[in-house]
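The values are calculated or read from the model by the stated rules, or taken from the named source; none is laboratory data. What you are looking at is a predicted structure, and each value in this text was computed from that prediction instead of being measured. These area figures cover heavy atoms from the full protein model, side chains too; ligands, DNA and RNA do not enter into them. Shrake-Rupley method; radii C 1.70, N 1.55, O 1.52, S 1.80 Å.
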Amino acid sequence: MQQSTYLELHILRLQHACTNDVLATARAGLNSIRGDVDTLQRMHQTKCDELLSTREKLDHMHREYTSACAGIGEWNEELGSVHGELADTAELLQLTHEQLNILHGQYSYKCDILESTASELATARDECVDLYKQLRDYSEKYESAIRITEELRREYDNLRQQPT
C-alpha cells in the first residue's frame with residue numbers, strides 16, 4: 001500500500017508540476033494579453049484623442065462656415081440693394097435720355113428756325129443794302145437836282161433881270 005501511496009504522491013507531484021507549468025504558461029499568456037490590452041487601450045486613447053481633436057477642428061470649421069454663410073447672406077442683401085439702386089439709376093438714365101432726345105428735337109427745330117431766320121435776315125440785309133444804294137443814288141440825284149434847280153433859278157433870275 002505504501003507503494004501505491006508513493007505512486008499517488010508522485011502522480012500528484014507530477015500533476016502539481018504540470019499544473020504549475022500550465023499556470024506559469026497561462027500567467028505568461030495573461031501577462032502578454034494584459035500587455036496587448038494595455039497597448040490596445042493606449043491606441044484606443046490615442047484614437048479618441050485624435051477624434052476629439054478632429055471634432056474640435058470640425059466644430060471650428062463649422063463655425064467659420066456658418067459665419068461665412070452669414071457674411072454671404074449680408075453680401076447678398078447688399079448686392080440686392082446695389083442692384084435696386086442700379087435699376088433705379090438705369091430708369092433715371094432712360095428718362096434723362098428720353099428728355100435729352102426731346103430737347104435735341106426742340107434744339108434741332110429751333111436751329112432750323114434760326115437758320116431759316118438767318119437766311120431771311122441775310123436776304124433782308126441784302127435788300128436793305130440794295131435799297132440803301134438806291135436811296136444814296138436817289139439822294140445824290142436829288143442833291144444834284146437841287147443844285148441844278150438852284151443854278152437854273154439863278155440863271156432864270158439873272159435872265160429876268162436883264163433887259164430884253
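At a glance:
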| read-out | value |
| --- | --- |
| Candidates Asp21, Asp59, filtered to the one that is open to solvent by less than 90 Å² (accessible area, probe 1.4 Å) and at negative phi | Asp59 |
| From Gly73, Gly80, Gly29, Gly84, residue being small (Gly, Ala, Ser) and more than 60 Å from the chain's Cα centre (by Cα) | Gly29 |
